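Worksheet: one structure, shown below.
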Protein chains: 2
Amino acid sequence: MAHKSDIQIAREAKKRPIQEIGEKLGISSDDLLPYGHDKAKVSQSFINSVQDRPDGKLILVTAINPTPAGEGKTTTTVGLGDGLNRIGKKAAVCIREASLGPNFGMKGGAAGGGYAQIVPMEEMNLHFTGDFHAITSAHSLLSAMIDNHIYWGNELEIDTRRVVWRRVVDMNDRALRQITTSLGGVANGFPREAGFDITVASEVMAILCLAKNLTDLQERLGNMIVAYRRDKSPVFARDIKADGAMTVLLKDAMQPNLVQTLENNPAFVHGGPFANIAHGCNSVIATTTALKLADYVVTEAGFGADLGAEKFMNIKCRKAGLAPSAVVVVATVRAMKMNGGVAKADLGAENVDAVKSGCANLGRHIENVKSFGVPVVVAINHFITDTDAEVQAVKDYVASQGAEAVLSRHWELGSEGSADLATKVVEVIEKGEAAFAPIYPDEMSLADKINTIATKIYRADEAVMDGKIRAQLKEWEDQGYGNLPVCMAKTQYSFTTDPERRGAPTGFDIPVREVRLSAGAGFVVAICGEIMTMPGLPRVPSAESIRLNADGDVEGLF
Amino acid sequence: MAHKSDIQIAREAKKRPIQEIGEKLGISSDDLLPYGHDKAKVSQSFINSVQDRPDGKLILVTAINPTPAGEGKTTTTVGLGDGLNRIGKKAAVCIREASLGPNFGMKGGAAGGGYAQIVPMEEMNLHFTGDFHAITSAHSLLSAMIDNHIYWGNELEIDTRRVVWRRVVDMNDRALRQITTSLGGVANGFPREAGFDITVASEVMAILCLAKNLTDLQERLGNMIVAYRRDKSPVFARDIKADGAMTVLLKDAMQPNLVQTLENNPAFVHGGPFANIAHGCNSVIATTTALKLADYVVTEAGFGADLGAEKFMNIKCRKAGLAPSAVVVVATVRAMKMNGGVAKADLGAENVDAVKSGCANLGRHIENVKSFGVPVVVAINHFITDTDAEVQAVKDYVASQGAEAVLSRHWELGSEGSADLATKVVEVIEKGEAAFAPIYPDEMSLADKINTIATKIYRADEAVMDGKIRAQLKEWEDQGYGNLPVCMAKTQYSFTTDPERRGAPTGFDIPVREVRLSAGAGFVVAICGEIMTMPGLPRVPSAESIRLNADGDVEGLF
């Protein structure tokens, strides 16, 4: 069976003018700020005008631990959105924006795949509506203002060794990871060590994605800690007086972006925080706006359910007052086989035993999600090599866990292939059994929160924190940050900190190497492993073959 | 007389949807890529479709050497465009985009002033349509690819001490002027000295503004010299294989931006290269497109006529095959008085003698412009303190120089105040006396080109170049760059290199301190004084008071 590539399918899309997509959600063309003919922002004034409407039902799409076989979480998110529309429901999809820089290292990615995609694909991998550029600008302004403050006399008594605010650029540039700035003499300031992260790692990105509105945005920006004094007291972005101008730079970026699926259904693509040092979900404002405009909103979170769903529940939903009505856990027969010990090269051959054995990973995610009080549907994202017996093995296993699994063929067939999944999800939601609650209370100590996630979600024996880390957490509690949720930074490939340990391992600890306070975003990051905040380019970056062809189409980006 | 501020007037503008503005030029809404409701890009396919049409008449607005009194060059450009439309001509305006970073140091600027402005003013001072962000991205990609090439084995044998490609950011950040990169060990590359300029100083900006189309853009990007080997042979961006991907990043930015004047006439605002280390004109593609769509196109160039008009003629017009039909030199009575030795505090009092004496500066600019074979009209940009006798003194002087001066009151009255100027300009153009030619041929040596500008335009005794500079110029000639025009980098406040010497000085030399090759943009820069390519922020940056007010309007930016 010869299939078209994602980009071929995307280029053949029969896109409708974005105003028509807006109309489906009751947004007039005056309230849509177009960016070309197929992208638009929803105006802040319109968003303000719908705040009193009731909310639709929120559905989170998450997945097992990712494997090299691919699970298709975004594909399923898009497919489910189209499936819901196909069965007559008013549904919208909410996903994250892509980062520009990495596309010039490895090839860029589709938003979804096959016949379950969001378009325009090229633009979403390039500048899109400029949101990430706005974040880079706002971040860079604060960077410049900090060094400028020091230059003009350092009235705030910033310890130049303790400036924790790094710079950002939306490009993979390892040469900027660690630098020395302000060289060259008096006119250029006081030399100090510094460095750049990639834009998606900026706390500004996390804040944009968690802020409820522009007032909340400015408040959070002001709360960011940018440096410490010699006495270790914090200096805030507010002290630098950068929060107002940063908000001005971000006012357009705060408006959610509306695009469409291949089937011309509405999709919000907005925000894209790192899924490790941040919470990895699309913006709160996109999700809450979509919930006012659609009866069903399908969204996703980064990585597998142990990281993505956990943060979605404990950080995003808690902070934004959201309550998901159902969770779809995406699994594939191939990924089950890999979790069952099959090598990637051997995935083509039927192996029901390996599928059964790999299902333990899926089972733990189902149990975890249920522990938040939300019902689960498993979507088996169909691959053409899957055999009936293998699919049945997954279904049987899921049934034994008190949930239901539905085979979904959206990649191949679009909404025709996901209508069954959509029907099942609606059925589960209409039972009304969802009773969402985060798995730890605000009042729990930071160390206990970390330990709760490690033991209840990962099933570790304990989270190991040395005295220095415990003292730091205690200090933040004393400063009033004890009520914040924690944001785990850990490999996405395993419940453990060892990416090679697939399945449902037991008998391990989670060592916490470092903790960081994102006082503006509003969480404490617990780093359990190596976290790269500025990627490099590979030996032969994809940029070398990216170009415009004679028709003006982009070649080499995909 | 109580006048409203520029921002007050701009906010009261009765803007028409950008599609209506496009219609005035025969651009259908399909061919306009909207950015919100009041900004749009003109599609590349539409631009391609009008290439066989005849060109309208091109009018350059330039000025005397700027003084602290203000001349109002952009204001007059906009006023003349509106005036031409008022007298029944189909006219468009072409000006440059504003740089983001400096707005957070000093307050941002209007495009024009009073009742001769281009809107939307806030957006033009913030992200606008993202062109500068695209330039920053393309520039940053090349930066990352150079260090990545070195990291992975340096096959091109780049001498890391001779990387001439600096990084850029669109922010005033003095701490980044001089830095050391790739610190921190093997994984981060080879430590080297580096630095950041502000985005408008990027050669990518100059190229975007000089490229005729996307093919030409990619060719020029590939031609950029990024480093030298130990044997001093150049390494090009093409060798790094960055030119294709940079072009992809710039494809939207290459499409000119359409906005409107307060009187709803079309204005193209596109590109913004530095007026010293680059040529300081809006993009060639905006100007050539406007000439296909309008009968009269009014544009401007940076600084006074000695720098701006000279580069417009010798670089932009030469390279793009443009031939201006008339030049408007803007002068004010106040500036004439300052040139005549009056202090700024005393400008309010009538002083006809000082006006007469200061006119020498204006006279030299008139003569210079005429030396390019283009007829001159002087626009006296009216200030309410001007007396009839002072205005008459300027008119008499200009008449004695074989040109005509027209009093223009567009700032106060919009097109009603500039209709006389428009009528005069049309009259001069219809005489058909323009016979444009650059003042030096391509074949002249680089040193002689520099000397020609210094002696013929500035009226210096000679351009002084030491042996090292002459040897460098000779080397570039040997490498095939001898046919390039030169781009002078000199203070804009005087014909000399001393900003304090107003009027029409004689008996001075122009010392050339340094020369640089912009092989992609296609000019040799002759630096005659201090050139700052990365500004800093002041002690109290305007950013500290920029914020959104309760109505969502931007406060403190203007």
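The values are calculated or read from the model by the stated rules, or taken from the named source; none is laboratory data. Small disclaimer: the values here were computed from a predicted structure and weren't measured. FYI the Cβ positions are ideal-geometry reconstructions off the backbone, even for glycines, and counts take in every protein chain you see. The protein model used for the area step is the full one, side chains on, heavy atoms only, and it has no ligands, DNA or RNA in it. Shrake-Rupley method; radii C 1.70, N 1.55, O 1.52, S 1.80 Å.
Just to be sure, is A:Thr247 within 14 Å of chain B (Cβ to nearest Cβ), open to solvent by less than 30 Å² (accessible area, probe 1.4 Å) and either farther than 20 Å from A:Val164 by Cα or at pLDDT 95 or above (or both)? Considered against the rule, which asks whether it is within 14 Å of chain B (Cβ to nearest Cβ), open to solvent by less than 30 Å² (accessible area, probe 1.4 Å) and either farther than 20 Å from A:Val164 by Cα or at pLDDT 95 or above (or both), A:Thr247 comes out as yes. Restricted to region A:184-201, and to residues there that are facing another protein chain (nearest Cβ under 8 Å) and part of a helix (DSSP H, G or I), the residue that is surrounded by the most Cβ atoms within 10 Å (Cβ to Cβ) is A:Asn188.
Is one or more of the residues making up region B:154-164 at pLDDT 95 or above, at negative phi, surrounded by fewer than 24 Cβ atoms within 10 Å (Cβ to Cβ) and within 28 Å of the chain's Cα centre (by Cα)? Within region B:154-164 (the criterion being at pLDDT 95 or above, at negative phi, surrounded by fewer than 24 Cβ atoms within 10 Å (Cβ to Cβ) and within 28 Å of the chain's Cα centre (by Cα)), the answer is yes, since at least one residue qualifies. The lone criterion from (1) open to solvent by 40 Å² or more (accessible area, probe 1.4 Å); (2) in contact (Cβ under 8 Å) with a residue 12 or more places away in the chain; (3) of a type outside the set (S, T, N, Q); (4) not in a loop (DSSP other than H, G, I, E, B) left unmet by B:Lys468 is number (2). Of everything in region B:211-225 that is buried (at least 23 other Cβ atoms within 10 Å of the Cβ) and away from chain A (no Cβ under 14 Å), the residue that is nearest to B:Leu322 (Cα to Cα) is B:Arg220.
Just one residue in the set B:Leu217, B:Leu258, B:Leu221, B:Leu249 is in a helix (DSSP H, G or I), among the aliphatic types (A, V, I, L, M) and under 22 Å from B:Ile95 (Cβ atoms); that residue is B:Leu217. Within region A:134-163, being in contact with a Phe, Trp or Tyr (Cβ under 9 Å, 6 or more places away or on another chain) and either assigned to a helix (DSSP H, G or I) or closer than 22 Å to A:Leu250 by Cα (or both) holds for A:His139, A:Leu141, A:Leu142, A:Ser143, A:Ala144, A:Met145, A:Ile146, A:Asp147, A:Ile150, A:Tyr151.
When region A:391-441 is limited to residues that are in the same structural domain as A:Ser371 (by TED's automatic domain parsing) and aromatic (Phe, Trp, Tyr), the one that is nearest to A:Gln117 (Cα to Cα) turns out to be A:Trp411. Of the candidates A:Gly108, A:Gly79, A:Gly88, the single residue that is in contact (Cβ under 8 Å) with a residue 40 or more places away in the chain and either farther than 23 Å from A:His410 by Cα or away from chain B (no Cβ under 14 Å) (or both) is A:Gly79.
Considering B:Gly536, B:Gly480, B:Gly529, which residue is of a type outside the set (Ser, Thr, Tyr), within 10 Å of chain A (Cβ to nearest Cβ) and open to solvent by 20 Å² or more (accessible area, probe 1.4 Å)?
B:Gly536
Could you please let me know if B:Arg230 is crowded, with 24+ Cβ neighbours inside 10 Å and not assigned by TED's automatic domain parsing to the domain that holds B:Arg516? No; evaluated as a whole, the condition is false for this residue.
Of the residues making up region A:233-244, those that are touching a residue at least 40 places away in the same chain (Cβ under 8 Å), within 9 Å of A:Gly222 (Cβ to Cβ) and buried (at least 22 other Cβ atoms within 10 Å of the Cβ) are A:Ala237, A:Ala242.
Within region B:58-84, being buried (at least 24 other Cβ atoms within 10 Å of the Cβ) and in a helix (DSSP H, G or I) holds for B:Lys73, B:Thr75, B:Thr76, B:Thr77, B:Val78, B:Gly79, B:Leu80, B:Gly81, B:Asp82, B:Gly83, B:Leu84. When restricted to residues that are part of a helix (DSSP H, G or I), under 15 Å from A:Val329 (Cα atoms) and out of contact with any strand residue (DSSP E or B) (no Cβ under 6 Å at 6 or more places or on another chain), region A:398-425 contains 2.
Scanning region B:152-179 for residues that are aromatic (Phe, Trp, Tyr) and within 7 Å of another protein chain (Cβ to nearest Cβ) yields one hit, B:Trp152. Across region B:394-417, the number of residues qualifying as over 30 Å from B:Ile439 (Cβ atoms) and either touching a His at 6+ places or on another chain (Cβ under 7 Å) or open to solvent by 10 Å² or more (accessible area, probe 1.4 Å) (or both) comes to 7.
Among helices (runs of 4 or more DSSP H) entirely within region A:1-57, having at least 1 residues that are under 23 Å from A:Gly88 (Cβ atoms) singles out A:18-24. Against the numbered list (1) open to solvent by less than 10 Å² (accessible area, probe 1.4 Å); (2) in contact with a strand residue (DSSP E or B) (Cβ under 8 Å, 6 or more places away or on another chain); (3) assigned by TED's automatic domain parsing to the domain that holds A:His279; (4) of a type outside the set (A, V, I, L, M, F, W, C), A:Lys89 comes up short only at (1). In the set B:Ala435, B:Ala460, only one residue is at pLDDT 95 or above and open to solvent by less than 20 Å² (accessible area, probe 1.4 Å); that residue is B:Ala460.
Out of region B:539-554, which residues are facing chain A (nearest Cβ under 8 Å), open to solvent by 30 Å² or more (accessible area, probe 1.4 Å) and either touching a Lys or Arg at 6+ places or on another chain (Cβ under 9 Å) or more than 22 Å from A:Asp239 (Cα to Cα) (or both)? Within region B:539-554, B:Glu544, B:Ser545, B:Gly552 meet the criteria.
So which residues in region A:289-301 are assigned to a loop (DSSP other than H, G, I, E, B) and surrounded by 24 or more Cβ atoms within 10 Å (Cβ to Cβ)? Within region A:289-301, A:Ala294 is the sole residue that qualifies. Go through region B:329-365 and report how many residues are surrounded by fewer than 24 Cβ atoms within 10 Å (Cβ to Cβ) and under 21 Å from B:Thr455 (Cα atoms). Total satisfying the criteria: 3.
For region B:251-259, the count of residues that are away from chain A (no Cβ under 14 Å), crowded, with 23+ Cβ neighbours inside 10 Å and modelled with pLDDT of 95 or more is nonzero. The combined condition, being under 30 Å from the mean Cα position of the chain (by Cα), buried (at least 20 other Cβ atoms within 10 Å of the Cβ) and either within 14 Å of chain B (Cβ to nearest Cβ) or aliphatic (A, V, I, L, M) (or both), is fulfilled by A:Leu208. Looking at A:Met124, is it more than 11 Å from every other protein chain (Cβ to nearest Cβ), open to solvent by 10 Å² or more (accessible area, probe 1.4 Å) and not in a loop (DSSP other than H, G, I, E, B)? Taking the combined requirement at face value, the residue satisfies it. Among the residues making up region A:27-52, those that are open to solvent by less than 50 Å² (accessible area, probe 1.4 Å), touching a helix residue (DSSP H, G or I) at 6+ places or on another chain (Cβ under 7 Å) and either under 29 Å from B:Ser28 (Cβ atoms) or among the charged types (D, E, K, R) (or both) are A:Ile27, A:Asp31, A:Leu32, A:Pro34, A:Asp38, A:Lys39, A:Ala40, A:Val42, A:Ser43, A:Phe46.
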